[in-house]
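The values are calculated or read from the model by the stated rules, or taken from the named source; none is laboratory data. This structure is a prediction, so every number in the text was calculated from the model and none was measured. So basically every Cβ, Gly included, is an ideal-geometry build from the backbone, and we count neighbours across all protein chains shown.
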Amino acid sequence: MSSGNTPAHPATASASSADGADTATDQGPSWPVFRRLLLDYVVPQWRVALVATATMLAYAASEAAFVALIRPLLDDGLVAQDAAVIRFYAALLVGILILQGITFFISQYLTGLVGREMIKRLRLTAHDRLLALPQAAFDHLSTGQTISRLTYEAEQTANASTKAAITIIRDGVTAVLVLGYMVYLSPRLMLITGLVLPVIAGLVATINHRFRQLSRRVHHAVGSVGTVAEETVHAHPEIKLFGQADHERRRFERLNERSRRQSMKFAATRFASVPLIRLTVGIALAITLNLVTLDAVVEALTVGTISSFIGAMLLLNRPLKGLVKVNADLQKGLTAARRIFEIIDMPAERDDGMRTLARAQGHIALDGVRFSYDGEREVLHGIDLEVAAGETVALTGPSGSGKSTLVHLLPRFYEATAGQIRLDGVPITEYRLADLRRQFAPVSQDTTLFNTTVAENIAYGAPEGASRAAIERAAEVAYARGFIEQLPHGLDTEIGEDGALLSGGQRQRIAIARAVIKDAPVLILDEATASLDTESERYIHAAFERLMAGRTAFVIAHRLSTVEGAGQILFLEDGRIVERGTHAELLARNGRYAGLYRMQLAPQGGRSG
Ligand SMILES: Nc1ncnc2c1ncn2[C@@H]1O[C@H](COP(=O)(O)OP(=O)(O)OP(=O)(O)O)[C@@H](O)[C@H]1O
Ligand SMILES: [Mg+2]
């Protein structure tokens, strides 16, 4: 009864995150996303955010003060040869630098704090939503994408948006203050600079744009390398048996080469851009100096003014660069945020039943139950069924006839599209969801085991925890004691990702032990389609028998020998119950069930899918 998605692979996450970054384009307006991020994830931390902003402003002021210091230091100190003035400004300089250091540290630290908190909350909210999603939602969620959204894209959201905040507040104010000071210094010089500066800005923007483009391609190329590597690890039995090693090698080589080429292009642009930008700035400076020699300008200039001015120009470089690409940063963050919000906004499972239920008797009735997964193709066409408390009902029938679907409706993994299901006479929708689900214990075709010890996997059946003795007893009842004792550390043996270190029959017996611990009044046994050896099968059969005593049980069996003793046997075909009765009745009727039974008894007998 797990979602049937493939287990998580780290490589899947990184690969699809790379793809995610690549395909990320702006869909829809940014403002609502921005607003939501601000209101839900920053406003709750307003105190920290406020202090961070204040220190950013102080930092910006210190930058401007630094430039402003140059003129009096030169004109009043050095040119005028006044030692006291020089000493005063030297001390002031150190003071400003200390202030700058402190405000830099605090503002960066606090924005980091806001960002990390934002990541934590985004992840928690998204994860909470995953826990609350209906089963149907998981049929459409890609594991890799979901992991990528909770990990990589949560980071991306916070990193890009805090970076944008720093740029807008700190660099924006720095730029305004420094530009203002330049106008104050010499409006004419500023006018000249104003003509030259846009040319530099344009050039820098062009180079940056190219840079971003390449960086995206590099990202994508690295992502594809990851995807192929992941498949090599994941599909190695197929690669070996189908002799596809050469094919995989060529595929990997091609992508690997593409990744190398893209990275080198990226490096070339990057290293060419540095001298190019410097040259442009140099030329601009030369032009400015030439213009300065014009009589009208030069008259008003002192050494201090010119030095201060040039200092200001150099200082402006960094904040302006940041401001040019702040929108790109912001968009990157908002795109990532949008993708997490997509998960957070998925509708949760309906849980509006009010009725509480400690322990059900286990009487179950289905009345004209119909179901469709997609709202188009109906998979169950009106199922009527009554199961007394403690009775065992067996479901048989060809593959795809709707057996698993039917039992999935009982704990409301999916909601019936028509008809009614009642537990102890009450429609199951009227119970609180948690109470309803407490009544069922699954031993399904695809029980998920966790990457931890045998004991913890068994104890998973009891949400409130289970004692060591209880775990041992459950293992005993499930006939799992024997093989568990053979494991290197017994109950404390780690069993690997999804129980990879166990055989099919062993896994199933752990699942049975889990159900024993849960001690629910209704059992759902979805027998594995994969065949087990007779020995394991006998153990599992015996464990089922023990488990079923005194409980209502739904048994989906492919081997009819398992179900002969059931109180009633249903033969499903194409979403309908086509035969029902006891084993003897169905044999006497000589219909579909009898045919299948005889076929399985025959020595070369096959088995329904
Ligand atoms: N999650 C799903 N989304 C859409 N369709 C589904 C889903 N699960 C099953 N189906 C479809 O519903 C039908 C019934 O499937 P179901 O799993 O109930 O069959 P089954 O009787 O349990 O088969 P098997 O014996 O092979 O386990 C099939 O046609 C199947 O394709
Ligand atoms: Mg099934």
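Selection of segment 423-464 for residues being touching an Asp or Glu at 6+ places or on another chain (Cβ under 8 Å) and hydroxyl-bearing (Ser, Thr, Tyr) yields Thr429, Ser444, Thr448, Thr452, Thr453.
Remark: pairs (first residue in segment 185-200, of a type in the set (D, E, K, R); second residue at pLDDT below 80; Cβ separation under 8 Å; 6+ apart in sequence or on different chains) = Arg188/Ala296; Arg188/Val297; Arg188/Ala300.
Scan segment 462-484 and give yes if some residue there is within 16 Å of ligand 2 (Cβ to nearest atom) and among the acidic types (Asp, Glu), otherwise no. Walk me through how you get there before you give the answer.
Of all residues in segment 462-484, those within 16 Å of ligand 2 (Cβ to nearest atom) come to none.
No: segment 462-484 contains no residue that is within 16 Å of ligand 2 (Cβ to nearest atom) and among the acidic types (Asp, Glu).
Could you please let me know if Thr293 is more than 16 Å from ligand 2 (Cβ to nearest atom), farther than 30 Å from Ser561 by Cα and at pLDDT 90 or above? No, not satisfied.
Name the residue that is nearest to Tyr597 (Cα to Cα), counting only residues in segment 394-426 that are within 29 Å of the chain's Cα centre (by Cα) and more than 13 Å from ligand 1 (Cβ to nearest atom). Steps first, answer last, please.
Here is the first cut: in segment 394-426, the residues within 29 Å of the chain's Cα centre (by Cα) are 404-405, 408-409, 411-415.
Within this subset, residues satisfying the condition of being more than 13 Å from ligand 1 (Cβ to nearest atom) are 411-412, 415.
Numbers: Pro411: 30, Arg412: 32, Glu415: 33 Å.
Ranking the candidates gives Pro411 first.
With the requirement that a residue be within 16 Å of ligand 1 (Cβ to nearest atom) and either touching a Phe, Trp or Tyr at 6+ places or on another chain (Cβ under 8 Å) or part of a strand (DSSP E or B) (or both), what does segment 427-449 give you? Passing the criteria: Pro442, Val443. One residue alone among Gly304, Gly375 is of a type in the set (Gly, Ala, Ser) and either in contact with a strand residue (DSSP E or B) (Cβ under 6 Å, 6 or more places away or on another chain) or within 30 Å of Leu279 (Cβ to Cβ) (or both), and that residue is Gly304. Leu255 meets the conditions (1) at negative phi; (2) surrounded by fewer than 17 Cβ atoms within 10 Å (Cβ to Cβ) in every case but one. The failed one is (2). Every test in (1) among the β-branched types (Val, Ile, Thr); (2) more than 38 Å from the chain's Cα centre (by Cα); (3) not assigned by TED's automatic domain parsing to the domain that holds Tyr59 is passed by Val218 save one, and that test is (2).
Against the list (1) in a strand (DSSP E or B); (2) of a type in the set (A, V, I, L, M); (3) within 15 Å of ligand 1 (Cβ to nearest atom), the condition Ala365 fails is (3). Restrict the check to segment 383-390 and report whether at least one residue is surrounded by 19 or more Cβ atoms within 10 Å (Cβ to Cβ) and in contact (Cβ under 8 Å) with a residue 60 or more places away in the chain. There is at least one residue in segment 383-390 that is surrounded by 19 or more Cβ atoms within 10 Å (Cβ to Cβ) and in contact (Cβ under 8 Å) with a residue 60 or more places away in the chain. Total residues in segment 468-489 satisfying the condition of being without any contact (Cβ under 8 Å) to a residue 60 or more places away in the chain and in a helix (DSSP H, G or I): the figure is 15.
Going by what's in this entry, would Arg210 be described as modelled with pLDDT under 90 and either part of a helix (DSSP H, G or I) or outside the structural domain of Val43 (by TED's automatic domain parsing) (or both)?
Values: modelled with pLDDT under 90: yes; either part of a helix (DSSP H, G or I) or outside the structural domain of Val43 (by TED's automatic domain parsing) (or both): yes.
When the stated conditions are applied, Arg210 passes them.
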